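Peer 1: This is the structure I have questions about; it appears just below.
The values are calculated or read from the model by the stated rules, or taken from the named source; none is laboratory data. All of these numbers come straight from a predicted model, not from anything done at the bench. Reconstructed Cβ throughout: ideal geometry from the backbone, glycine too, with neighbour counts over all protein chains shown. Ligands, DNA and RNA are stripped out before the accessible areas are found, and what is left, the full protein with its side chains, is counted by its heavy atoms. Shrake-Rupley method; radii C 1.70, N 1.55, O 1.52, S 1.80 Å.
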Amino acid sequence: MDEVIQVTQWLSSITPRKKAKLFFFTTHADAPSPMVGSNDVDTHEETQLPLATTVALHNFKNIDEFLKKKVNTFSCYNVIENEITKTDYEYLRFYSACKYLDVVPPFLDLEKISAIQNKFEMTDEERDYRLLLDSADLVLEKVCDSLKPAGVSQMWTALRKDRNLIRGVETIDIIGFFVDPNPTGMKECLFFFIVRFLQKADKINRVNTNRLERLIAQCDESSSCEEGKTIDFIIDSLRFYPTELYPFGFCLIMCVIEGRDGAMQEIEKTMEISRHLGMITHTEKNPTKETIELVKKELMKPKYQFYSSFTCWFMSHGDSNSMVLADGETIEREWFLTSFPDISTFQLKPKVFFMVSCRGANKFSLKGDEFEGQSATCDYYDIGSALIRNRMLDITDSVRDTSYVQPMMDTLVAYSTILDHLSGRASTHGSIYVDRACVLMSENISRGRSLTEILEHLSQDLHEILQGTMDEDRIVYKQACHYDSFFRKTLKLPYTRHPKEDVHSAPQ
């Protein structure tokens, strides 16, 4: 069959709502770098004009033309370059969006997709189409689905009132002040236009969503929300780090085995819980400084920008300032923690570090006969008032910025013990902190708990456990863990995922 006819038939089989979503996912705001053929300028003609004209004219002609152009580009594309190109990225994004929406063109060349994935050096696990979807866009899709056409129309009215923001923007004038978002697909097009407009204006990104939340907050709840949804529910959904679908993120496990009884148990437990959380995991046994540098270099590859989070377990001996590596050399803990968050592939994404090592030799010892012989290490065991608001600073948009981010932002560091103190371990099972952390994460995986909630529970649980030294003094002591957080959103644990069994139900 002629390719033009095939494309026409394919487009005619897609509902207006899915066309709007396909356009939205395909014109994703961010792309991996470095890339050949990309100047990092995403013109309004490509991402905003088709949405604006669709809303203004109540037809999908320009979006259809955009999708046809994409298909034709991919059809003619020859995957021969060694470098990763903008077309490589767009091809993968287009394919994953089609797969997610259940509208994959029957004529799409899957061999080209495999060849592009080879250029990204993707493993078998990483070839799951869900990895290629941007989790932030999936959250925004759910926000759109939670709003009625009237709600999106109210957001548009509120946006139009911000004269400083919209002044001189051609696409805003194309849509006009009053819109009718009720025809099928128009609500989606208008909402996605608002999102892309705010992104291009540097008002929102995957972490900073305050400007979008304020637009939603101005909606009338009775007329703007779909059944069972509320304004608070919709806004709350934007206050979590976007980690939708599989995989939950990338997990790096580094464990020094030499001279650490139970270290293999630590690796097994952290690997098990990471996979249970839906992470793709990489393990480095007996790391050296050279190993760490190689891992950092690996994480800078473009494919890691597809991940929505990064977790690192580092388990070794240590003191107040440093950690002991497999070859006996030491590295400064602060150097380790500040070098990983600065990796560009994980910017604006949650980064969690579990630092499991002693930070000194002190113990919180317990005195008294009742503690003799007891030890867990011997065995396995809204601002609500307008009045208050009026007294607060009026922080205007002119003094807000989302473009520049301090590298440690969106990072959480969890320590197995406090400064200058021991981190206890069982000779048969390794670190007690690792054991209890994995148990609590496993117990809470399907309860919608946030990571910080679980760490607080871990702090309580660990501090109840009596531990003891194995020397002749048999000192009984307690261990206290803590965390430092630079998070700007809440990180919720995902529900249980089974990568090879999960059958996705396509959105409407």
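Peer 1: Could you check how many percent of all C-alpha pairs in the chain are farther apart than 34 Å? Working shown, then result.
Peer 2: Values: 57088 of 128778 pairs.
Looking at the chain, the distances longer than 34 Å represent 44 percent of pairs.
Peer 1: Another one. What is the sum of charges around D64, taking Lys and Arg as +1, Asp and Glu as -1, for the other residues whose C-beta is under 12 Å from the C-beta of D64?
Peer 2: Values: positive: K19, K61, K68, K69, K70; negative: E65.
The answer is +4.
Peer 1: So if R0 is 56 Å, what FRET efficiency would R474 and N210 give, r being the distance between their Cβ atoms, rounded to the nearest 0.05? Walk me through the intermediate numbers first.
Peer 2: Values: r = 55 Å, r/R0 = 0.98.
Computed FRET efficiency for R474 and N210 comes out at 0.55.
Peer 1: No solvent, one uniform scatterer per C-alpha: report log10 I(q)/I(0) for the range 253-346 via the Debye equation at q = 0.15, 0.21, 0.23, 0.24 1/Å, two decimals.
Peer 2: Log10 of I(q)/I(0), two decimals: -0.62, -1.16, -1.31, -1.37.
Peer 1: Something else: Size of the dipole of the chain about the Cα centre, Lys and Arg at +1 and Asp and Glu at -1 on the beta carbon, nothing else charged, in debye to 20? Mind dumping the intermediate values first?
Peer 2: Numbers: 59 positive and 76 negative charges, 324 e Å.
Result for the chain is approximately 1560 debye, rounded to the nearest 20.
Peer 1: Right, something else. With r defined as the distance between the Cβ atoms of A201 and F107 and R0 fixed at 30 Å, what FRET efficiency is calculated, to the nearest 0.05? Can you show the working numbers first?
Peer 2: Working: r = 37 Å, r/R0 = 1.24.
That pair, A201 with F107, gives E of 0.20.
Peer 1: Out of the DSSP beta bridges found with both residues in the range 221-352, what percent are antiparallel (nearest 5)? Walk me through the numbers before you get to the answer.
Peer 2: Details: 4 of 19 bridges.
Of those bridges, close to 20 percent are antiparallel.
Peer 1: Once the dipole of the chain is set up with Lys and Arg at +1 and Asp and Glu at -1 on Cβ about the Cα centre, which of T283, T417, F94 lies farthest towards its positive end?
Peer 2: F94
Peer 1: Rounded to the nearest whole Å², what accessible area per residue is found for the chain with the 1.4 Å probe?
Peer 2: Numbers: 23590 Å² over 508 residues.
Counting only protein heavy atoms, the per-residue value for the chain is 46 Å².
Peer 1: Quick one: if you take sqrt(5λ) for each eigenvalue of the C-alpha gyration tensor of the range 101-235, what semi-axes come out, biggest first, whole angstrom? Present the calculation step by step, with values, prior to reporting the outcome.
Peer 2: Numbers: eigenvalues 213, 62, 50 Å².
Rounded to whole Å, the semi-axes are 33, 18, 16.
Peer 1: Could you size up the charge dipole of the range 291-332 around its Cα centre, putting +1 on the beta carbon of Lys and Arg and -1 on that of Asp and Glu, and report it in debye to the nearest 20?
Peer 2: On the way: 4 positive and 6 negative charges, 83 e Å.
That gives a dipole near 400 debye.
Peer 1: Express as a percent, rounded to the nearest 5, the fraction of DSSP beta bridges in the chain (both residues included) that run antiparallel. Don't skip to the answer; put the middle values down first.
Peer 2: Numbers: 16 of 43 bridges.
Percentage antiparallel, nearest 5: 35.
Peer 1: Take I418 and E125, extend 7 Å from each Cα along the Cα→Cβ direction, and tell me the distance between the two endpoints in nm.
Peer 2: 3.6
Peer 1: Each label point is 7 Å from the Cα along the Cα-to-Cβ direction; what then is the distance between the points at F240 and E81, in nm?
Peer 2: Each label point lies 7 Å from its Cα, and together they span 3.8 nm.
Peer 1: Of G185, L294, N82, whose Cα points farthest to the positive end of the dipole of the chain (charges on the beta-carbon: +1 Lys, Arg; -1 Asp, Glu; origin at the Cα centre)?
Peer 2: G185
Peer 1: Then there is this: R447 versus T73, label points 7 Å from Cα toward the beta carbon: distance in nm?
Peer 2: Between R447 and T73, the simple spin-label model gives 4.7 nm.
Peer 1: I'd like the carbon and sulfur percentage of the solvent accessible area for the chain, probe radius 1.4 Å, heavy atoms only, ligands and nucleic acids excluded. Present the calculation step by step, with values, prior to reporting the outcome.
Peer 2: On the way: 11350 of 23590 Å².
Accessible surface attributable to carbon and sulfur in the chain totals 48 percent.
Peer 1: For the pair T291 and T490, what calculated FRET efficiency results from E = 1/(1 + (r/R0)^6), where r is the Cβ-Cβ distance and R0 = 30 Å, to the nearest 0.05? It would help to have the intermediate numbers written out before the result.
Peer 2: On the way: r = 33 Å, r/R0 = 1.09.
The calculated FRET efficiency here is 0.40.
Peer 1: Say a paramagnetic label sat at a point 7 Å from the Cα of S344, along Cα to Cβ; which residues of the range 400-429 have their backbone N under 15 Å from it?
Peer 2: Correct set: 404-405, 407.
Peer 1: Moving on. In whole Å, how far is the Cα centre of the range 128-162 from that of the range 218-294?
Peer 2: 24
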